[in-house]
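The structure appears below as structure tokens.
The values are calculated or read from the model by the stated rules, or taken from the named source; none is laboratory data. None of these values were measured; they are calculated from a predicted model. Every residue, glycine as well, gets a Cβ built from its backbone with ideal geometry; the counts of neighbours run over all protein chains shown. Surface areas here come from the heavy atoms of the whole protein model, side chains and all, with no ligands, DNA or RNA. Shrake-Rupley method; radii C 1.70, N 1.55, O 1.52, S 1.80 Å.
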Amino acid sequence: MTRPSKTFAPGHVDRRPPAPDDRVGRHLFAFVWLPRDELTTARRVAIADMLAEAAHARLLSWTIDLGDGEVALIRYTLDLREGGKKPKVAPLHERIEMMVRGWQPAVEAALGQIGDHGHATRLALRYASAFPMAYRNGAGPEEAARHQLYQRAFRCRTTGRPLLSEQR
């Protein structure tokens, strides 16, 4: 169903078998590959919730295969019998990709939309990684950008420095 990752490491072969097809239409099988370092309980649950919401289905089971490499595979099985449907893959792929690989660039882009792009890069590089995983999975990069600017403005008010000063 969903194939959220292209390649996680140089030279890594993209091992995406075709998703099993449930001919009766009772179950949806979703495979998600993540870098092992990015696999947490919070992330696994957030992806399951995302899949269940998109398919209007409930989660039946999940399994993790860590294998020998740098990539972990999570297999989800969802129950489509009570009004569930097969969701569009592309939006799910983008959301999972953003969740796993695109946090800092997404925060930078959101900061760039709010203010000066040069300062956005500096702020994102300095502070984006400080947000905990639970916040990242729930709040999103736009909210993180607003929080970063709010915190920056508060520090500037208390120190007397200009809001977008080049000084650290």
Total residues in region 102-138, condition modelled with pLDDT of 80 or more and not in a helix (DSSP H, G or I): 2
Tell me yes or no: at least one residue of region 4-11 is touching a His at 6+ places or on another chain (Cβ under 6 Å) and at pLDDT below 85. yes
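Residue-wise test of (1) of a type in the set (S, T, N, Q); (2) crowded, with 18+ Cβ neighbours inside 10 Å.
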{"position": "His93", "(1), (2)": "no, no"}
{"position": "Met98", "(1), (2)": "no, no"}
{"position": "Trp103", "(1), (2)": "no, yes"}
{"position": "Leu111", "(1), (2)": "no, yes"}
{"position": "Ile114", "(1), (2)": "no, no"}
{"position": "Ala120", "(1), (2)": "no, yes"}
{"position": "Ser129", "(1), (2)": "yes, no"}
{"position": "Pro132", "(1), (2)": "no, no"}
{"position": "Glu142", "(1), (2)": "no, no"}
Those residues of region 78-91 which are within 20 Å of the chain's Cα centre (by Cα) and surrounded by fewer than 17 Cβ atoms within 10 Å (Cβ to Cβ) amount to Lys88, Val89, Ala90, Pro91
Name the single residue that is least open to solvent (accessible area, probe 1.4 Å) among those in region 36-46 being among the hydrophobic types (A, V, I, L, M, F, W, C) and touching a helix residue (DSSP H, G or I) at 6+ places or on another chain (Cβ under 6 Å). Ala46
Taking first residues from region 92-117 that are over 17 Å from Ser129 (Cα atoms) and second residues anywhere that are at pLDDT 80 or above and open to solvent by 80 Å² or more (accessible area, probe 1.4 Å), the pairs with Cβ under 8 Å that are 6 or more apart or on different chains are Ile114/Arg146
